[in-house]
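A.B. asks: Once you've had a glance at the structure underneath, I'll fire off some questions.
The numbers here are math on the coordinates, done by the rules we state, and not lab data. Everything quoted here is computed from the prediction, not taken from an experiment. Glycine gets a Cβ as well: all are built from the backbone with ideal geometry, and neighbour counts include every protein chain shown.
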Amino acid sequence: MRVAYSAAIAANPWLAREARIERITPEVDDVQTYHLRFTDAEVQANYRFTAGQFNMLYVPGVGEIAIGVSVDPKVAEAERTWDHTIRLAGQVTGALAKLSPGKTIGVRGPYGSIWPVTEHHGRDVLLIAGGTGLASLRAALYELLLHRDRYRRVTLLYGSRTPESLLYETEYAQWERLGLNVITTVDQAASGWTGHVGVVSRLVDGLRTLDPNRTVIYCCGPEAMMYYAAGSAVARGLRHEQIWVSLERNMQCAVGLCGHCLLGPEFICRDGPVFRFDQIARYLNVESL
Ligand SMILES: Cc1cc2nc3c(=O)[nH]c(=O)nc-3n(C[C@H](O)[C@H](O)[C@H](O)COP(=O)(O)OP(=O)(O)OC[C@H]3O[C@@H](n4cnc5c(N)ncnc54)[C@H](O)[C@@H]3O)c2cc1C
């Protein structure tokens, strides 16, 4: 599902606005959450995003990157900030990691398609995340919990490399209390780990409560993980039309002009990043595409 760009973006999609880093929360190794607020109070007051969308973050003199919005929308509204959870990967994320609270960066957005949560009232919703992919699902997760009575079973299957790299672990108890079934798995278990070990798609294979007739899936993580998780869901009886994935490929313009993020005929920035699986499944297993 696509949403209309706000009037400001429609008028000038290239315009980055200045935002201040209000706080930084260390999450796990190499991952931090940045709590941001626009320095112009009017820009901040008019800033709206929908779960699934991303911003372009600009570090002057270094470059610009796409990052999903990862905040609880209720907290964003109350605190007039919003969050990005970012893994240190290279140049721009490296420059961001050197900034401290009080410093400013450029932000343009939000851009892109959204998780279709409002279309799925009355359904079971299965969230499947791998690694920092959970960041791009977090706003949708909170949206589902805010209106928990509108959905049937809501489950999170989350796979991470190690127990130490599970994101947002301090929030799981609260998510469970609010009606989310959280099931985690790790690639490598440390001593004392009593949970699942193995890839997240195996949790889909073994999920006893999965009802193919009433479930929709939202999935974000490495592309191979999403491909195999969707394959497991199809083996359990779901159709491609019941699965949405968010693609986090490298992109540049964010408005469907430069072609940097093209996947087949789809601009991930403009037509995605959230796609219904039948739209893009055929391109995901094409080598080097
Ligand atoms: C819609 C969208 C949402 C995203 N949300 C998040 C998020 O919430 N949190 C987060 O940490 N990251 C997210 N990303 C990924 C993020 O944009 C990249 O990690 C970032 O661009 C890396 O920038 P850099 O300059 O630090 O690294 P670079 O110096 O550009 O690259 C370092 C290395 O990583 C590789 N690389 C760079 N970007 C990507 C990418 N997108 N996919 C695979 N390999 C890449 C490069 O080829 C290079 O080998 C998102 C990407 C998209 C498109």
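A.B. asks: Which whole-number percent is the relative contact order of segment 66-106 (Cα, under 8 Å, 6+ apart)?
C.D. replies: 30
A.B. asks: Which ordering of 72, 40 is given by a fewest-first count of other beta-carbon atoms within 10 Å?
C.D. replies: 40, 72
A.B. asks: With a 10 Å cut-off between alpha carbons and a GNM built on the chain, which of 94, 192, 264 moves the most?
C.D. replies: Its mean-square fluctuation being the largest, the pick is 192.
A.B. asks: Now a separate question. Run lengths n ≥ 4 of DSSP H only: what is the helix-derived mean residue ellipticity at 222 nm for the chain, with -39500 (n - 2.57) per run over all residues, to the nearest 500?
C.D. replies: Rounded to the nearest 500, the figure is -7000 deg cm²/dmol.
A.B. asks: Could you line up 21, 128, 114 from fewest to most neighbouring Cβ atoms inside 10 Å?
C.D. replies: 21, 114, 128
A.B. asks: Net charge near residue 46: determine it from the other residues with C-beta under 15 Å of the C-beta of residue 46, scoring Lys and Arg +1 and Asp and Glu -1.
C.D. replies: Once positives and negatives cancel, what remains is +1.
A.B. asks: A further question on this structure: Quick check: net charge around residue 87, other residues with Cβ under 10 Å of its Cβ, Lys/Arg +1 and Asp/Glu -1?
C.D. replies: Here the charged neighbours net out to -3.
A.B. asks: For a paramagnetic label modelled at 7 Å from the Cα of residue 164 toward its Cβ, which residues of segment 86-103 fall within the zone defined by backbone nitrogen distances under 14 Å?
C.D. replies: No residue qualifies, since no backbone N sits under 14 Å from the label point.
A.B. asks: Between residue 153 and residue 283, what is 0.36 nm times their sequence separation minus the Cα-Cα distance? Round to one decimal in nm.
C.D. replies: Working it through step by step, the gained length comes to 43.7 nm.
A.B. asks: Scaled to the compact-protein estimate 2.2 N^0.38 Å, what is the alpha-carbon radius of gyration of the chain, rounded to two decimal places?
C.D. replies: Normalised by 2.2 N^0.38 Å, the Cα Rg of the chain equals 0.97.
A.B. asks: I would also like to ask the following. Which whole-number percentage describes the relative contact order of segment 7-111, with Cα contacts under 8 Å and a sequence gap of 6 or more?
C.D. replies: 37
A.B. asks: Something else: Between residue 99 and residue 46, what length in nm is gained on full extension when 0.36 nm per residue of separation is reduced by their alpha carbon distance?
C.D. replies: Stretched out fully, the residue 99 to residue 46 stretch lengthens by 16.5 nm.
A.B. asks: Taking only Cα atoms, what is the 0 to 90° angle, nearest 10, from helix 223-235's long axis to the longest principal axis of the chain?
C.D. replies: The helix 223-235 is inclined about 30 degrees to the chain.
A.B. asks: R0 = 35 Å: FRET efficiency of residue 178 with residue 249, Cβ-based, nearest 0.05?
C.D. replies: Working from the Cβ atoms, E equals 0.60.
A.B. asks: Using modelled backbone amide H atoms (1.01 Å from N, in-plane), which distant-in-sequence or interchain residues come within less than 5 Å of residue 152's amide H?
C.D. replies: 122, 123, 124, 125
A.B. asks: Then there's this: Report ³J(HN,Hα) in whole Hz for each residue of segment 190-202, in order, from the Karplus equation J = 6.51 cos²θ - 1.76 cosθ + 1.60 where θ = phi - 60°; Gly and Pro get x.
C.D. replies: 8, 5, x, 6, 10, x, 6, 10, x, 6, 5, 4, 5
A.B. asks: Please give me the summed charge of the neighbours of residue 132: other residues whose Cβ is under 10 Å from its Cβ, Lys and Arg +1, Asp and Glu -1.
C.D. replies: Net local charge, residue 132 excluded: -2.
A.B. asks: Let me ask you something else. Note down the relative contact order for the chain as a percent, whole number, built from C-alpha pairs under 8 angstrom at least six residues apart.
C.D. replies: 18
A.B. asks: Still on this model: Please identify, among 213, 181, 55, the residue showing maximal mean-square fluctuation in a Gaussian network model of the chain using a 10 angstrom Cα cutoff.
C.D. replies: In the Gaussian network model the winner is 213.
A.B. asks: Please give, to one decimal in nm, the separation of the simple spin-label points placed at residue 240 and residue 18, each 7 Å out from Cα toward the Cβ.
C.D. replies: Each label point lies 7 Å from its Cα, and together they span 4.8 nm.
A.B. asks: Give the order of 219, 253 when sorted by the count of other beta carbons within 10 angstrom, beginning with the fewest.
C.D. replies: Placing the least packed residue first, the sequence is 253, 219.
A.B. asks: Across segment 155-171, in residue order, what do the Karplus-derived ³J(HN,Hα) couplings come to in whole Hz, using 6.51 cos²θ - 1.76 cosθ + 1.60 with θ = phi - 60° and x for Gly and Pro?
C.D. replies: 10, 10, 9, 10, x, 9, 5, 9, x, 6, 9, 6, 6, 6, 4, 5, 8
A.B. asks: Could you run the Karplus curve 6.51 cos²θ - 1.76 cosθ + 1.60 with θ = phi - 60° over segment 178-189 and give me ³J(HN,Hα) per residue in whole Hz, x for Gly and Pro?
C.D. replies: These are the phi-based 3J(HN,Hα) values: 7, x, 9, 8, 9, 10, 10, 9, 10, 6, 10, 7 Hz.
A.B. asks: Now, a different point. What share of the DSSP beta bridges in the chain is antiparallel, in percent to the nearest 5?
C.D. replies: Restricted to the chain, the bridges split so that about 55 percent are antiparallel.
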